[in-house]
Amino acid sequence: MADSNKTEQATPRQRKRARDRGQVTRSRELNGALSMAAVAGVLYLMGRQSVFGWTAYFKKVLDSARADSIEPNGPLLYWTSIQAMRWVFPIVLAGLAVALVTALAQGGFVFAAEALAPKLERMSPAQKLSQMVSLAALSTILKSLIPFGAIAWVGYACIQSHWAEILSSSYTDARRFAGLLTGLLLEICWKSGLILLAWAGVDYLLLWRKNESDLKMSRQDLKDEVKESEGNPASKSRIRKLQRQARRKQMLKAAETATVVVTNPTHYAVALRYEPNMAAPLVVAKGLDVLAAKIKEIARQNDIPVMENKPLAQALYKSVEVGDPIPSALYHAVAEILVVVFRAQAEVRARDAQRIAAANRRAEVRAI
């Protein structure tokens, strides 16, 4: 009975591991039924021309026996070998080819090294005996009796339907009797073949359902597989958190080199850096809410201009990643802000220079 906790379908990894163990859906009944059908078909096709071949063979044998003595290494051995090969090889090749194709169609080529590994329990007579008297062995025997019973019933029905012809066959010649017997055998064979094919299809369906049931997984199995394949979710979450913290610390450090900070003014903050040798300004930091407040605090501590421009701040935050240059569509808006910033910085530098120059003149006057 399948585990009631195993309610989830098998994952691709679970199926691959089962395949590595050799656990694939393959029906021996289907292999046997199709191989028998192939052999029967070859026999039917060859039987139509067999009369002439066997007639020629026996004629040669009788002529040779009448003319010469039969020797072990004489022509009789050669003729017999040729005739046997003409019949045996096509039958064997047809059965092997159909069996191979059927096996590959059911599960493909599987080389399961784990299944070939030696195990001591396989050589235990007690275990083999327990398997022979187990419920599984009994079910296998019952499964074999079902098609056997159906074939026996078909044979009985065919004989019963031709019973009158069989009774009157004693008054017919040998040719008509042979025809009656051949027709009866062919009817039993093709009906039995259909029964075997149908039962093989049912057997494959039952094996497929059992295999799918065995491959099912519980929710805990799924969690364990995720941990094995992708790592522990808690550890991955902690690693991602540490990575975010490292990127945030690096970004806040880069915000100290910004030329200007564009704000929303409360929700968004985008730090831009521009130097004359750059093709376009770079976004060195950006943040939302708490992170935006941190960027503005860094700007105030490092005397970086903070400019309020709601549309531009939102556009920069949503369309530009940290470390990327601004898009050409925002050149004009950013340029206007940079012009204001550079002009203000130039005025500050000019006032500082004037203040320094005035201080120097006062110092010179006091010195005189």
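Any read-out appearing in this document is the output of simple, stated calculations on the displayed coordinates, not a laboratory observation. What you see is a predicted model; the values in this text were computed from it and never measured. Cβ atoms come from the backbone with ideal geometry, glycine included; neighbour counts cover every protein chain shown.
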Inset, instruction - Any chance you could run the full-extension gain for TRP208 through ARG28? It's 0.36 nm times the residue separation minus the Cα-Cα distance, nm to one decimal. - result: 63.5 nm
Inset, instruction - At 0.36 nm per residue, minus the direct Cα-Cα distance, what do ARG361 and LEU43 gain on full extension? Give it in nm, one decimal, please. - result: 102.0 nm
Inset, instruction - Among the listed pairs LYS216/LYS236; LYS6/LYS191; LYS236/LYS318; LYS6/LYS236; LYS143/LYS216, give every one whose C-alpha distance is greater than 32 Å. - result: LYS6/LYS191
Inset, instruction - Extending each Cα 7 Å along its Cβ direction at ARG176 and MET85, get the distance between those two points in nm, one decimal. - result: 4.3 nm
Legend entry - Size of electric dipole in the range 249-367: Cβ of Lys, Arg +1 and of Asp, Glu -1, about Cα centre, debye, nearest 20: 420 debye
Legend entry - Alpha-carbon gyration tensor eigenvalues x 5, square-rooted, for the range 163-313, Å: 90, 20, 12
Inset, instruction - Collect residues whose amide H, placed 1.01 Å from N in the peptide plane, falls under 5 Å from the amide H of MET307; neighbours closer than 5 in sequence don't count. - result: VAL261, VAL262, THR263
Inset, instruction - Given a cut-off of 27 Å, name the pairs among LYS223/LYS249; LYS16/LYS223; LYS16/LYS241; LYS249/LYS310 whose C-alpha atoms lie farther apart than that in the structure shown. - result: LYS223/LYS249; LYS16/LYS241
Inset, instruction - Please report, to two decimal places, log10 I(q)/I(0) for the range 249-367 at q = 0.23 Å⁻¹ as given by the Debye formula with identical point scatterers on the Cα atoms and no solvent. - result: -1.30
Inset, instruction - State the extension gain, in nm to one decimal, for the chain segment bounded by LEU222 and ALA333, taking 0.36 nm per residue of separation less the distance between their alpha-carbons. - result: 34.7 nm
Legend entry - Packing-based exposure ordering (other Cβ within 10 Å, fewest first) of LYS296, LYS143: LYS143, LYS296
Legend entry - Per-residue Cβ neighbour rank within 10 angstrom, fewest leading, LYS60, LYS16: LYS16, LYS60
Legend entry - Nitroxide proxy distance, nm - points 7 Å out along Cα→Cβ at GLN9 and ALA105: 2.5 nm
Legend entry - Among beta bridges that DSSP assigns inside the range 249-367, antiparallel share in %, nearest 5: 80 percent
Legend entry - Farthest positive-ward along the range 249-367 dipole, Cα basis, beta-carbon charges - from ALA357, THR257, LEU338: ALA357
